[in-house]
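Colleague: Right, I'll just put the structure down here and ask away after.
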Amino acid sequence: MDVNYSRALNLLKSNPPEQRLDLQLPRAKYLQLENAFFKLYPESLELRYPSLSYNSFTETVTVVTAPANIHESAASAISSVIEADAKQYLSTYSRELASSILGYGSTTTTDFSDAFEGSRKQPDGGVRYKSVDGNQITVVVELGFSENYASLCRSKDTWIDGHGINVFILVCLTETPRFKNPTTVYDDIRDVDDATDEMETSINETLRLNLSNNRHALFLYRGHKWAGEMREAFIEIWRAGSSVSSRFYLIQNGHTCDELPTTLGIRTSDLVPDHVWRALNIPDRVIPFDASLYVATLAKAMCATAVDRFERFITEGGRRGLRRREKGKRKRKLHG
């Protein structure tokens, strides 16, 4: 277990972007890791990344560093659509109720119960009900890549069984191939902003072709893959009290699906605690979902991810190149 502890602590310390680590630690060891995390990042309760999560039932620690643009965009897009639609609909019946529907995400939550007591989670997005007489998270959105699907399902159990949410929305993407930095530094770049602008202009043509052809091809620049093909994307809806999910495919085999959903089956009543909704005389309704717009959002977010990765690489590479050049100057001065 000391090996797992060291791996988690080292990732928290180094904090490289786009990393996720799931490993097993008994609660006592996790508390030791949590204490080290608080010392490393005293502002951790307000800190979005790196994030440290714990599933006390499965004794699983999860460390997540700053994710790609697509991760943030995909989760927030669903949350904001649900929140905005519910507010608009409910405001015609009760402005008080409408104002109680709030977006939720990237906030550390620790008040889990039963087998999940002692857990610590930070969702990617969601909705909560907040009024003078109550506060409850009702919907949670979490996004991951295909290799993290099992971990997302464990997270679903923590939120539904350990926190009593109504709906868990799981968004799963497959990027092929997964991104890796180039193996050599770009020493010819002198201005990061100019180089980034040139790169973005170049791959925007790929984005335009992807959107017009319903394709999700990889983003290539300087012969390197800055974002892989979005091979598959689907959304799963898990409800409290049900062991079966509803799955909605958006992208398959690198192409946008011909028949996209117009709703995910989320109802306005899902956003309100059951006892509150039962006391109201408001007709329930299914919240619409523009899947075509969402897929376009995914495509643009993947393009933005490619730009972010390029900029980060040349910024870091520029520093390494500068250090190497300065070292070379010192050597020449010493031997000159």
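The values are calculated or read from the model by the stated rules, or taken from the named source; none is laboratory data. Only a predicted model underlies this, so the values are computations on that prediction, with no experimental measurement involved. Cβ: placed from backbone, ideal geometry, glycine included. Neighbour counts: every protein chain shown. All accessible areas refer to the heavy atoms of the entire protein, side chains included, with ligands and DNA or RNA removed. Shrake-Rupley method; radii C 1.70, N 1.55, O 1.52, S 1.80 Å.
Colleague: Quickly rank 290-297, 268-275 as a protection proxy: mean count of other C-beta atoms within 10 Å, highest first. Could the numbers behind the result be given before it?
Modeller: Numbers: 290-297: 17.0, 268-275: 19.9.
Most protected by this proxy first, the peptides run 268-275, 290-297.
Colleague: Shifting gears a bit: Taking amide hydrogens as modeled 1.01 Å from N in the peptide plane, which residues meet the under 5 Å criterion relative to residue 289, leaving out close sequence neighbours?
Modeller: The answer is 263, 264.
Colleague: Can I ask one more? Quick one: Cα centre-to-centre distance for region 235-261 and region 68-100, in angstrom?
Modeller: Comparing the Cα centres of region 235-261 and region 68-100, I get a distance of 20 Å.
Colleague: For region 163-216 and region 282-317, compute the distance between their C-alpha centroids and round to whole Å.
Modeller: Distance between centres, Cα-based: 10 Å.
Colleague: May I pose another question? Considering only protein heavy atoms, what is the solvent-accessible area of residue 13 at a probe of 1.4 Å, reported in Å² to the nearest 10?
Modeller: 120
Colleague: Then there is this: For n ≥ 4 DSSP H runs only, could you compute -39500 (n - 2.57) per run for the chain, divide by its residues and tell me the 222 nm figure to the nearest 500?
Modeller: Working: 8 runs with 141 residues, N = 336.
About -14000 deg cm²/dmol.
Colleague: A follow-up question, please. Please state, rounded to one decimal and in Å, the Kirkwood hydrodynamic radius that region 89-130 gives when every pair of distinct Cα atoms enters the mean of 1/r.
Modeller: Working: mean 1/r = 0.0832 Å⁻¹.
Its Kirkwood hydrodynamic radius stands at 12.0 Å.
Colleague: Tell me, what is a quarter of the convex hull surface for the C-alpha atoms of region 192-314, in nm² with one decimal? Kindly include the intermediate steps, with their values, before the conclusion.
Modeller: On the way: hull surface 42.6 nm².
Averaging across all directions leaves 10.6 nm² for the Cα convex hull.
Colleague: Throw me the Rg/Rh for region 155-249, computed over C-alpha atoms with Kirkwood Rh, two decimals.
Modeller: Numbers: Rg = 19.5 Å, Rh = 16.6 Å.
In region 155-249, Rg relative to Rh is 1.17.
Colleague: Measure of size requested: the Rg and Dmax of region 255-300, with Cα atoms as the atom set and Å as the unit; please supply both.
Modeller: Expressed in Å, the Cα Rg and Dmax of region 255-300 come to 14.8, 45.
Colleague: Right, another one. Provide, for q = 0.15, 0.17, 0.20, 0.28 Å⁻¹, the log10 of I(q)/I(0) from a solvent-free Debye sum over equal Cα point scatterers in region 207-275.
Modeller: Result of the Debye calculation: -0.66, -0.76, -0.88, -1.24.
Colleague: Take the cross-link list 121/225; 39/121; 39/180; 13/180 and give me the ones stretching past 23 Å between alpha-carbons. Write out the running numbers ahead of the final one.
Modeller: On the way: 121/225 33 Å; 39/121 19 Å; 39/180 31 Å; 13/180 21 Å.
Long pairs (Cα-Cα over 23 Å): 121/225; 39/180.
Colleague: Using label points projected 7 Å from each Cα along Cα→Cβ, tell me how many nm separate residue 7 and residue 190, to one decimal.
Modeller: 4.6
Colleague: Next up: Run the Debye formula on the Cα coordinates of the chain, all scatterers equal and no solvent, and tell me log10 I(q)/I(0) at q = 0.09 1/Å.
Modeller: -0.56
Colleague: Can you compute the equivalent ellipsoid semi-axes for region 108-266, i.e. the square root of 5 times each eigenvalue of the Cα gyration tensor, sorted largest first and rounded to whole Å?
Modeller: On the way: eigenvalues 276, 83, 44 Å².
Value: 37, 20, 15 Å, ordered largest first.
Colleague: What ³J(HN,Hα) values, in whole Hz, does the Karplus curve 6.51 cos²θ - 1.76 cosθ + 1.60 give for region 248-256 when θ = phi - 60°, with x put for Gly and Pro?
Modeller: 10, 7, 10, 9, 9, 6, x, 10, 5
Colleague: Can you run phi through the Karplus equation (6.51, -1.76, 1.60; θ = phi - 60°) for region 308-314 and list ³J(HN,Hα) in whole Hz, with x for Gly and Pro?
Modeller: 4, 5, 5, 4, 4, 5, 6
Colleague: Rolling a 1.4 Å sphere over the protein heavy atoms, what is the accessible area per residue of the chain, to the nearest Å²?
Modeller: On a per-residue basis, 49 Å².
Colleague: Something else about it: What list of ³J(HN,Hα) values in whole Hz, one per residue of region 193-206 in order, does the Karplus curve 6.51 cos²θ - 1.76 cosθ + 1.60 (θ = phi - 60°) give from phi, with Gly and Pro shown as x?
Modeller: Going residue by residue, I get 5, 5, 5, 5, 4, 5, 5, 5, 4, 5, 7, 4, 5, 4 Hz, with x marking Gly and Pro.
Colleague: Using only C-alpha atoms and all pairs of different ones, pull out the Kirkwood radius for region 1-111 in Å with one decimal. Before the final figure, lay out the partial values.
Modeller: Details: mean 1/r = 0.0624 Å⁻¹.
Here the Kirkwood hydrodynamic radius works out to 16.0 Å.
Colleague: Taking 0.36 nm per intervening residue step and subtracting the Cα-Cα distance, what contour gain separates residue 154 from residue 108 on full extension? Numbers along the way, then the final one.
Modeller: Working: separation 46, 0.36 × 46 = 16.56 nm, distance 1.71 nm.
Extra length available between residue 154 and residue 108 comes to 14.9 nm.
Colleague: Mean shadow of region 60-175, computed from the convex hull of its alpha carbons, in nm²? Walk me through the numbers before you get to the answer.
Modeller: Numbers: hull surface 30.8 nm².
Projected over every direction and averaged, the Cα hull of region 60-175 covers 7.7 nm².
Colleague: Over all Cα pairs of region 41-96, how is the pair count split among 10 Å bins, expressed in % and running from 0 up to the last occupied bin?
Modeller: P(r) over region 41-96, rounded to whole percents: 18, 28, 30, 21, 4.
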